[in-house]
Every structure is written in C-alpha cells, then in structure tokens.
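The values are calculated or read from the model by the stated rules, or taken from the named source; none is laboratory data. What you are looking at is a predicted structure, and each value in this text was computed from that prediction instead of being measured. Here the Cβ positions follow ideal geometry from the backbone for every residue, glycine too, while neighbour counts run over all protein chains shown.
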Ligand code: F6P
C-alpha cells in the first residue's frame, strides 16, 4: 500500500507540473489546512530540495510566513561545507516576529551554521521615507546583494487571508478587493490571471530581479491556497519555479482541469 501511495503522488506531481507549466513539483501527502504536521513535512521536503541546488557560494533570499518558518526548523548543516548566506527578500511586510523574514534567516543560519544579514526596514513606509531609505548605503548594499541571489525561496498566501493578517488600511484593502486578488507572494497581490493588483511598499527584491535568479523555490500548501498558487505560478518566473506543495493543494488545483 505504501508503494501505491508514493506512485500516486508521483503521478500527481507530473500532472500538476504540466498544468501549471513550471519546472518541477514536489508533493507531500496530506493537507496542511487540516493537519499542522503536513506543513512540517513540506518544510522538510523544501530543506532537502534546497540542498540539491546549492552551489559553492550561495546567496539565498527568503520571504516570511509560517511555511518558511517550518522550512527553517528542518534545515541542517551542509556536509559539503558550501558557503550559505541567508538574506531577507523584502523588508517589513506586516508579519508577527516569528514569521518575519529577518527571524527566519537568522534561524536558517543557526541551523546550517551559515551566515545571514538582516534588512531593517519598518512596515508601511511613506513614499518620502522610502525614497530616502533606498539611498542609504547599507540598504543599497543589501539591494545589490539581492540582485546577485543564487536562490530565492518564497511562500505564497491567499490574498484575502494576507489582507487580514497584515491589517492593511481601508484604501489598500479596497484596492485589493476591487482588483479581485487571489494570491500573494513577496508583498505583491495578484489576480487569477497573474496580473499585479497591488504591491506593498517596502525595500527589497522586486519581481524583475527574479529573471536573474538561477533557482526559485516556492513552498505553499493547503487546499485553501490552490487559487493563490495558480495565480503566482502564472508569473514569468513560474516556468523556472520548483513548487513544494501538499496533496490538499494539488488535488484542489487539478480538480479544475
Ligand atoms: O508575508 C510573507 C509571506 O511569505 C507572504 O508573501 C505569503 O503570502 C505568506 O507569507 C505565506 O505565509 P504562510 O506560509 O504562513 O501561509
């Protein structure tokens, strides 16, 4: 029975890869909406897939969220002794401290005995503050570093769930609702066609930077995230993305085909 289940997931992985038109899909069994342990398994699968793509010198940009926090927990030192530098992909995105990219990169560095840098940017900066922040030498260095990222590992969220979690002001919330956003990643909200509806103003990785990143890993699961995953995978970087997900999201996604 175990073999059967494994081959069933392999079939599902293949199908989902075709449907989403992306590079690779890894599915863990279960649904993380129903069972917290499934998120940990996605974390394990992601940590091990990351290792496969490390090079001798790595700049690894990471986003926040509870799924990425689960990835950090599962990381282990690299026996090949490759250099690992963890970096937050974007500044303040309105997350609780345990789910912030800064916290997660510190944890990843600790677990792998690697290094990390923090991005100290407050949430929801004004346009003026943003304009002067990007001129700060430390921030400029950080952005240069992000442009040279060798790997990006990011979460994906359901748009309305992220609106609630981030407590956006009324105007922003309305914009996201009116734009019919379904998915969110990197602080960008996307509609079902993958069009950008709103972008949170913070320092860090811009969607365009992804063009130069050789390895992109998205990690997100739970049936409730199916539409969000689909929207985010429609972005240009989708074609070279490795998606780590769970059966719950995968089955919900395939249902529509
Ligand atoms: O806020 C950071 C972030 O990575 C978002 O871009 C994403 O939508 C969300 O976290 C995912 O969070 P979780 O893994 O907790 O669902």
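Based on this model, can you work out whether residue 55 counts as out of contact with any helix residue (DSSP H, G or I) (no Cβ under 6 Å at 6 or more places or on another chain) and surrounded by fewer than 21 Cβ atoms within 10 Å (Cβ to Cβ)? It is true that residue 55 is out of contact with any helix residue (DSSP H, G or I) (no Cβ under 6 Å at 6 or more places or on another chain) and surrounded by fewer than 21 Cβ atoms within 10 Å (Cβ to Cβ). Do you know which residues across region 242-257 are within 12 Å of the chain's Cα centre (by Cα) and buried (at least 24 other Cβ atoms within 10 Å of the Cβ)? Passing the criteria: 243, 244, 245.
Within the option set 81, 30, 94, being assigned to a loop (DSSP other than H, G, I, E, B), on the phi > 0 side of the Ramachandran plot and at pLDDT 95 or above holds for one residue only, 30. Only a single criterion out of (1) surrounded by fewer than 24 Cβ atoms within 10 Å (Cβ to Cβ); (2) under 28 Å from residue 145 (Cα atoms) is not satisfied by residue 62, namely (1). Could you please find all residues in region 179-231 being assigned to a helix (DSSP H, G or I) and either on the phi > 0 side of the Ramachandran plot or in contact with a strand residue (DSSP E or B) (Cβ under 8 Å, 6 or more places away or on another chain) (or both)? Answer for region 179-231, where residues must be assigned to a helix (DSSP H, G or I) and either on the phi > 0 side of the Ramachandran plot or in contact with a strand residue (DSSP E or B) (Cβ under 8 Å, 6 or more places away or on another chain) (or both): 207, 210, 224, 225, 227, 228, 229, 230, 231.
Summed over region 97-143, the residues that are under 16 Å from the mean Cα position of the chain (by Cα) and outside any helix (DSSP H, G or I) give a count of 1. Of 103, 150, all but one fail to be modelled with pLDDT of 95 or more, surrounded by 15 or more Cβ atoms within 10 Å (Cβ to Cβ), more than 16 Å from the ligand (Cβ to nearest atom) and within 26 Å of residue 214 (Cα to Cα); the exception is 150.
Would you confirm whether any residue within region 163-177 is at pLDDT 95 or above, within 11 Å of the ligand (Cβ to nearest atom) and in a strand (DSSP E or B)? No, region 163-177 contains no residue that is at pLDDT 95 or above, within 11 Å of the ligand (Cβ to nearest atom) and in a strand (DSSP E or B). Which of the residues belonging to region 49-68 are in a helix (DSSP H, G or I), touching a residue at least 24 places away in the same chain (Cβ under 8 Å) and under 15 Å from residue 152 (Cα atoms)? Listed by number, the residues that qualify are 49, 50, 51, 67, 68.
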